[in-house]
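Each remark here refers to the structure printed beneath this line.
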Amino acid sequence: MEMKSISGESLKKLLDAEIKSGVKVFAPVREGQLVNHRPVQSSGEICWDFKNTRLSPKHAVFPRSETIIKGARTDGGVQIEDAEPDAGPAILFAARPCDASSLTALDALFNWDYTDKFYQARRDALCVIGMACVDPAEQCFCAAVGGSPLSEKGSDVLLIPVKSSGYAAKACTDKGAKLMEKHAAMFGPAPADIPSAEEIAGKQLRKKDLTNAKAKLDARFDDPIWEAVARKCVGCGCCAFICPSCHCFDIVDEPIPVERFERKKNWDSCCFGTYTLHASGHNPRPSQERRYRNRVMHKFSYFPERFGILKCSGCGRCGAQCPVNLDIYDVVAEIVES
Amino acid sequence: MASEVEQRIRDTARKILESGEAGVVVGYGAGSTPDKVMPVFITNPADVEKLVWNDRCYNNLSLYLTKPLVRKFGKVAMIGKGCDIRAAIVLWQESQFPREKTIVIGVDCGGVAPIAGKPDDFRAKCATCDVKRPPVCDHLVENPAVDVKPATTAEAKDDGLDSKSPAEKRAYWFNQFSRCIKCYACRGVCPLCYCDRCIVEKNRPQWILTSPHDLGNFEWNLVRAFHLAGRCVQCGECTRVCPSDIPLAALNRKLAGVVRESFDYEAGRSHETEPSFLSFKEDDAEEFIR
């Protein structure tokens, strides 16, 4: 679709108009040293100066906790009702291309053999405004996993900051085109100084090609390398919870005072010892190297096998935020190069 | 080019591995990006060149004394700053790993560096540090650049929490905990959170709600703080690693202060002192204990 432009001021007006019309706008907001996406009441709350957010914005479609069933004790029985997803029209503003493209992995998973209505209701109501990266962070490696700092994948509209001022703007889907048509007066002709993806990806420090790691990973399933890399893993869920494409969840029934309960769907991580623990006490992944191996295999072998796409978009959060700097880029690169 | 301290650490590690004094040396190595340092496990004397030392050696490596993938090597040599060794002392006292199987390579530490983009709360320990030279060492690596005299600031900087009313404190902590995503990085990185099955994983009954909502987050973060009362050595790792920047160390500092005032006890100071929660006296003045 045609490339256009929008000024910073017009972009704020567009977002404010959407908020005013009742659209929930998730945008990056600074709180202390943290920048994360959360619903804003005005464009004035938005943080414009960030490389990427600490947490991925996946919570816009996959919240860390949500109620899926409600129930109550009645005279002589239990009454159970379905919970409905809280899914009004929403915009995810300024998702980096790594995070926007990860939505396609979540789409595949949550519509696999069954459509997760909670995920899909939010996803259908969401318009993603991607924000291209012109200044990648040290941790970034999107180009190594087939992405690009200018990738349109997962975005409905892609904005590219340009040096002159404002943004180049491109509708990537019909949903995005409708949004741009609705605010047509705010958009002008395409700017002349749009940076190239090669130019920006060239600034990235981590460029080993990890797109075809599957065969090598599969061949080393039983290799001692897993113990060597996972020895330092502390078994927390930080990597999975900040990851834009990790999607595992735990189902728990919680008591609610009085005589009621709610069934919750909460984020879970394959690096937790209890993740595969059976009620019998048996655990098919009894040690940390097997759990960490699963994390890598799921992203670079099982998911591509099942859905034809990698489940890693190279945002680099896991390695950068990991308490012990266990970096998936280095782990996969070591195996690919072996 | 290795610094003098790095060279001493490497020489010490090499001797330990060559003589069989320990089966593994747990130390610090270069991280995945230039600003990072990560834990490394050296078993081959030829690999000691991987060991580094600088003011970004944040991890408290005593964490690994209780990990099966490290204990398998038999005797464990660990490189540590003073605060790290204090945690090892607590692990010895709580019978989690034997003193005689631990080889402590203590390194003089003048404090760790700030981290770009992270609040500085995790370094509060450095401002009041009185263990710049580790309290217990089998091998001491001196660093002439470090003045090992205790920091002159006697008291930690007032975090302003004590002067708040109970309602204000509650509001403050509910707001902080509202960002908790229950990733349990605080627990994962804590040397003293070594339970095979954490109370939050005990579900018959479910004592602590696992959902990351207000109540679940409040229960989790407070129960963890209570379980560390009289045990936490305030290495600050929980605060450093929290992806949501929750100042968890402030809870631990508060409880450590209560234990110090009530029992004149500070965890991990000495292997010989009896920990306040592991001691019992028949003539205790309190009725409830008899």
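The table below lists the values:
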read-out: Region A:90-129, dipole about Cα centre (Lys/Arg Cβ +1, Asp/Glu Cβ -1), debye to the nearest 20; value: 140 debye
read-out: Accessible area buried at the A-B interface, both sides summed, 1.4 Å probe (Å², nearest 100); value: 3300 Å²
read-out: Within chain A, longest stretch clear of exposed GluC sites (Glu not before Pro) (DSSP loop, no more than 12 other Cβ within 10 Å); value: A:3-258
read-out: Mean projected area in nm² (Cα convex hull; one quarter of hull surface) for the protein assembly as shown; value: 32.9 nm²
read-out: Gyration tensor (alpha-carbon) shape descriptor, region B:135-245, a/c threshold 1.5; value: oblate
read-out: Förster radius 25 Å - calculated FRET efficiency between residue B:203 and residue A:79, Cβ distance, rounded to 0.05; value: 0.55
read-out: Projected label distance in nm at residue B:281 and residue A:33, using a 7 Å step from Cα toward the beta-carbon; value: 4.3 nm
read-out: From phi via Karplus (6.51, -1.76, 1.60), per-residue ³J(HN,Hα) for region B:92-103 in Hz, x at Gly/Pro; value: 5, 5, 8, 6, 8, 7, x, 3, 6, 9, 9, 10
read-out: Reachable lysines from residue B:169, criterion Cα separation under 22 angstrom, eight or more residues apart if same chain; value: B:157, B:182, B:254
read-out: Helix B:4-19 vs. chain B, principal-axis angle (Cα, 0 to 90°, nearest 10); value: 80 degrees
read-out: Region A:189-337: C-alpha gyration tensor shape, a/c 1.5 cut-off, then a/b vs b/c; value: oblate
read-out: Flagged links, alpha-carbon separation over 20 Å, of A:24/A:163; A:12/A:182; A:12/A:163; A:208/A:311; value: A:24/A:163
read-out: Förster radius 30 Å - calculated FRET efficiency between residue B:115 and residue B:172, Cβ distance, rounded to 0.05; value: 0.80
read-out: Most mobile of A:145, A:25, A:252 in a GNM of chain A (Cα contacts under 10 Å); value: A:252
read-out: Highest-MSF residue in chain B out of B:26, B:200, B:40 [GNM, Cα springs under 10 Å]; value: B:200
read-out: Point-to-point label distance, residue B:4-residue B:75, nm (Cα→Cβ direction, 7 Å offset); value: 2.9 nm
read-out: Test item: Cα-centred dipole of region A:1-160, Lys/Arg +1 and Asp/Glu -1 on Cβ, debye; value: 300 debye
read-out: Check: region B:212-284 dipole with +1 on Lys, Arg Cβ and -1 on Asp, Glu Cβ, in debye; value: 340 debye
read-out: Gap separating the Cα centres of region A:168-242 and region B:38-55, nearest whole Å; value: 32 Å
read-out: Length released on extending from residue A:20 to residue A:113, taking residue separation times 0.36 nm less the Cα-Cα span; value: 29.7 nm
read-out: Where B:278, B:61, B:209 fall by accessible area, highest first, once all protein chains stay in place (1.4 Å); value: B:278, B:209, B:61
read-out: Neighbour cut-off at most 14 other Cβ (10 Å), DSSP loop, GluC sites (Glu not before Pro), region B:129-236; value: B:142, B:155
read-out: Projected label distance in nm at residue A:277 and residue A:175, using a 7 Å step from Cα toward the beta-carbon; value: 3.8 nm
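The values are calculated or read from the model by the stated rules, or taken from the named source; none is laboratory data. What you see is a predicted model, and the numbers here were worked out from it, not measured in a lab. In this analysis, Cβ positions are derived from the backbone assuming ideal geometry, glycine residues included, and neighbour counts consider all displayed protein chains. Note: accessible area is taken over every heavy atom of the protein model, side chains too, but ligands, DNA and RNA are not part of it. Shrake-Rupley method; radii C 1.70, N 1.55, O 1.52, S 1.80 Å.
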